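Right, one structure below, let's go through it.
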Amino acid sequence: MKFLVWGAGAIGGTLGAHLARAGHDVMFVDRAVEHVDAINSAGLRIEGPLAQFVSRTPACTPEQLRGEFEHVVLAVKAQDTESATRELAPHLAANGYVVSAQNGLNELVIKTIVGDARTIGCFVNFGADYLEPGVIQYAGRGAVVVGEIDGRTTPRIEELHRAFLDFDDRAIVTANIWGFLWGKLGYGAQLFATALTNDSIADALADPSYRDVYIEIAREVMRVARARRVTPEGFNGFDPHAFAPDADRGVAQRSLDEMVAFNRKSAKTHSGIWRDIAVRKRRTETDAQLGPIVSLGAEAGVPTPLVSRLIALMHEVEDGRRAQSHETLDLLKASLPG
């Protein structure tokens, strides 16, 4: 297959390089000129415990791109989804599609620009980091799921699935892609909370002092999903049923234990959220990922006070007004319902 991968960072770079190594025709687009130049001069280098190779895959900036493409993988930060989709739209073939290999409910944004028929859902949970121009670390396997946003099984989703199997032989097709995306929103909210500190994901989720925070924040997300008649799906230790409003606390504890065990196996110790603040010194996906939970919750009449407080604290950390510390996480803990 011929793929245009828009966003050659941690997710797009890892996925695109593996697809190219498997024989697919891949073109990268990225707005970071130094990253594009490094890829074109020396190839995209994949490092880590799972794979080490160099992919000689062409790359360009958005303004340099020419031609039309049927298969477009969008892998930019969630807050850049609208602008990136508008930029790529002229290069999308009439019978083509955009598949969102991102975090959040970006398919809702993409389909308003290119249409429902040209939007495919995707959920990924593998670990990867952008290290420097031309270098990506592929740190740990995780769920890879594709699905039509209307739940149908179509020839094109089966074709896309076969291609993604060349990246991960455990990739699956689902009729409930929204369920996986909402499940990731619950887990993602927990990751945002861990990023208020400098603890690793595993250490944070294992800390008994803050388990009430991680349980309740996932419950808020699951309440919104339930109100919107979404059935969340589980993955890599995250069990959405464990965080249902009426679930036994012991079940939630077991799910957290399984998430800890999953993350202990990855060379990626901290979330991309933590890395955005601590390493790359840039804004996180807070508004794009957590914001819709609050707005959709309000629409459905479901309060989300802990998620709202988390958003405010994340902005304070991003702005340098608070440190990534247990003291900051304590402020979130203080917002737990009595």
Contacts under 6 angstrom Cβ, first residue in the stretch 108-133 being in contact (Cβ under 8 Å) with a residue 60 or more places away in the chain, partner open to solvent by less than 60 Å² (accessible area, probe 1.4 Å) and acidic (Asp, Glu), 6 or more apart: 121/107
Given the residues 258, 299, which is the only one that is open to solvent by 60 Å² or more (accessible area, probe 1.4 Å), free of Cβ contacts under 8 Å to residues at least 12 places away in the same chain, over 22 Å from residue 129 (Cα atoms) and charged (D, E, K, R)? 299
Within the stretch 183-194, can you find the residues that are over 17 Å from residue 336 (Cβ atoms) and in contact with an Asp or Glu (Cβ under 8 Å, 6 or more places away or on another chain)? 183
Could you say which residue among 199, 169 is within 30 Å of residue 48 (Cα to Cα), buried (at least 20 other Cβ atoms within 10 Å of the Cβ) and among the charged types (D, E, K, R)? 199
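If you check residue 73 against the conditions, is it among the β-branched types (Val, Ile, Thr) and surrounded by fewer than 23 Cβ atoms within 10 Å (Cβ to Cβ)? Write out each step before concluding.
Details: among the β-branched types (Val, Ile, Thr): yes; surrounded by fewer than 23 Cβ atoms within 10 Å (Cβ to Cβ): no.
No; evaluated as a whole, the condition is false for this residue.
Here are some residues: 112, 81. Which one is modelled with pLDDT of 95 or more, more than 26 Å from residue 265 (Cα to Cα) and open to solvent by less than 10 Å² (accessible area, probe 1.4 Å)? Steps first, please.
Details: 112 fails: open to solvent by less than 10 Å² (accessible area, probe 1.4 Å).
Within the list 112, 81, the selection yields 81.
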For residues that are of a type in the set (Gly, Ala, Ser) and under 22 Å from the mean Cα position of the chain (by Cα), tally how many sit in the stretch 44-84. 6
Any pair with Cβ under 7 angstrom, 6 or more apart, that starts in the stretch 1-26 at a residue that is within 23 Å of residue 78 (Cα to Cα) and surrounded by fewer than 23 Cβ atoms within 10 Å (Cβ to Cβ) and ends at one that is among the hydrophobic types (A, V, I, L, M, F, W, C) and modelled with pLDDT under 95: none
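Got a sec? Which of 275, 280 is farther than 30 Å from residue 245 by Cβ and open to solvent by 70 Å² or more (accessible area, probe 1.4 Å)? Break it down into steps so the answer makes sense when it comes.
Details: 275 fails: open to solvent by 70 Å² or more (accessible area, probe 1.4 Å).
From the options 275, 280, the qualifying one is 280.
How do the helices (runs of 4 or more DSSP H) wholly within the stretch 251-338 filter down when requiring 2 or more residues that are within 22 Å of residue 80 (Cβ to Cβ) and of a type outside the set (Phe, Trp, Tyr): which remain?
Values: elements: 272-278, 286-300, 305-318, 326-333.
So the answer is 272-278, 286-300, 305-318.
The values are calculated or read from the model by the stated rules, or taken from the named source; none is laboratory data. Note that the structure is a prediction, hence the values are computed from the model and not measured. Counting neighbours? That spans all protein chains shown, and the Cβs are built from the backbone with ideal geometry, glycine included. With ligands, DNA and RNA removed, areas are computed over all heavy atoms of the protein, side chains included. Shrake-Rupley method; radii C 1.70, N 1.55, O 1.52, S 1.80 Å.
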